[in-house]
Amino acid sequence: MRKPRHLSAEERALWDRVAERATPLHDNRQDPAPDALPIPKPKKPMAPRGPLPDFRVGQKANTARTHDVMRPLVDRLAAAPVNMDSKSFGKMKRGKLKPEARIDLHGMTMAEAHPELVAFILGSQSMGRRLVLVITGKGKDRDDGGPIPTRHGILRHQVPQWLALPPLSQAILQVTPAHLKHGGHGAYYVYLRRNR
């Protein structure tokens, strides 16, 4: 703690001249002696503490809870409402419906894949196709060990978001992960609306 700085003789003389010219707000107040310093209050001695309890970092953390803000993509697509015929939806999920066309985005960057996907979906709808397959690949595990985890398969997570946004959202009726024989979690079935 720093020691208080005391006024020099010049500063004290200047202060006295200012104080003489000032009119007090309250007349009943008594001025303290100029050389008197406030008496410091004695500090209470600290009570002795016992030894610290055993402690381990993270011992109270709930490790069963996931740390991702959003649910996994597969769970979100599975929980999405069915917008198409339920019989056709069941066949599609079991891999019984054959896709009429497919696009393979595997190995493309996001900048290359997005325009290709938009052209493919809108072109397929204009041709009257109903079920198309979009292959994204499962992605490589690229976690660099940094504090922010990186997603496994960037296109696999980005494609459903692109499909939910305009101009593609108006053309799509349903998106669901593909059956294993059509690529499993590395591909999506996209069921298109009829072109009117």
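Nothing in this text is a laboratory measurement; each read-out follows from the coordinates by a stated rule. On a predicted model such as this, the values are computed, not experimentally measured, just so you know. Because the Cβ atoms are built from the backbone with ideal geometry, glycine has one as well, and the counts that use them run over all protein chains shown.
Could you rank the peptides 153-160, 6-13, 43-50 by their average count of other C-beta atoms within 10 Å per residue, with the highest value first?
Answer by packing, highest mean first, reads 153-160, 6-13, 43-50.
Add +1 for every Lys or Arg and -1 for every Asp or Glu among the other residues with Cβ under 13 Å from the Cβ of Leu122, and state the total. Kindly include the intermediate steps, with their values, before the conclusion.
On the way: positive: Arg129, Arg193; negative: Glu116.
Residues near Leu122 contribute +1 overall.
Add +1 for every Lys or Arg and -1 for every Asp or Glu among the other residues with Cβ under 10 Å from the Cβ of Leu192, and state the total.
That works out to +3.
Counting Lys +1, Arg +1, Asp -1, Glu -1, what net charge surrounds Leu14 among other residues with beta carbon under 12 Å of its beta carbon? Show your work: numbers first, answer last.
Working: positive: Arg12, Arg17, Arg21; negative: Glu10, Glu11, Asp16, Glu20.
Local charge sum for Leu14: -1.
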